[in-house]
Amino acid sequence: MIRSFRWAGISTLVLALTVVSLTGCGKRQVTRIDPSTQVDLSGMWNDTDSQMTAKALVADCLDKAWLGKFGVDFKGRKPSIIAGSIKNKSLEHIPTSAFLLEIEKALMNSGLASVVAAKDERGEVRNERMDQQVNASPETLKKMGQEMGADFMLLGEVNQINDSASGKDLKYYQVNLSLVNVETNEKVWMGEQKIKKMVQQGKFKP
């Protein structure tokens with residue numbers, strides 16, 4: 001009887017300690033920070049990498065000779081560019097759709113090029129235009145066959161090489177982009193941006 005009582009007491013104590021432990025581990029603190037703040041937690045590709053790479057590559061693209069030649073050939077008209085696919089050949093999950101949006105934003109903010117909607121976006125707009133043919137008033141009806149055709153398409157890929165030793169990880173990313181003439185398939189520009197990160201694991205302190 002005494003032994004049963006002791007085991008019951010021990011079991012109750014263990015259960016109580018487990019509950020306290022789980023409660024302590026379950027606490028989480030959330031702090032809001034400025035979205036423009038550069039934060040690296042894991043060392044993997046993040047939003048800062050996307051923004052910096054997009055801005056650098058677009059700036060390099062619009063600083064090359066093809067842009068001036070296009071302006072001469074087409075009497076000062078801005079080239080229209082469509083963002084194509086970015087192949088992720090890295091070892092990580094990289095949201096290439098978010099990276100493409102950063103590229104489009106950098107192109108538009110430059111004021112030197114027009115950006116054409118991507119294929120999936122055009123589908124929605126075309127459906128709306130078709131609906132207007134039946135339901136919109138003549139004054140607000142948008143005509144068919146008036147879309148802006150893209151002069152160039154941006155294509156690219158992200159590659160990665162990792163190396164590690166003695167608690168240190170070296171992460172190397174290389175982003176390559178090409179600007180292709182839609183009519184002739186000629187590549188008028190190629191650019192690359194490299195990112196290298198050293199990630200060091202913290203030492204365990206007992």
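Take every DSSP beta bridge whose two residues both sit in segment 44-200; close to 75 percent of them are antiparallel. For the pair Arg77 and Glu124, a Förster radius of 25 Å applied to the C-beta separation gives a FRET efficiency near 0.40, rounded to the nearest 0.05. Fully extending the segment from Lys196 to Gln174 would add 7.0 nm, taking 0.36 nm per residue of separation and subtracting the current Cα-Cα distance. Calculated FRET efficiency, Thr140 to Ser97, Cβ-Cβ distance, R0 = 30 Å: about 0.40 to the nearest 0.05. Among the trypsin sites (Lys or Arg not before Pro) in segment 126-206, those located in a DSSP loop and surrounded by at most 14 other Cβ atoms within 10 Å of their own Cβ are Lys142, Lys143, Lys203.
Rounded to the nearest whole angstrom, the semi-axes of the ellipsoid equivalent to segment 44-200, taken from the Cα gyration tensor as √(5λ), stand at 36, 20, 12, largest first. Can you list the aspartates and glutamates whose alpha carbon sits under 15 Å from that of Lys89, skipping same-chain ones fewer than 8 residues off? Counting by Cα, and skipping residues close in sequence, Lys89 has these aspartates and glutamates nearby: Glu157, Glu192. Applying both filters, DSSP loop and at most 13 other Cβ atoms within 10 Å, to the GluC sites (Glu not before Pro) of segment 120-160 gives Glu139, Glu147.
No lab work stands behind these numbers, since they all come straight from the coordinates. Everything numeric here is computed off the predicted structure, so don't read it as measured data. Reconstructed Cβ throughout: ideal geometry from the backbone, glycine too, with neighbour counts over all protein chains shown.
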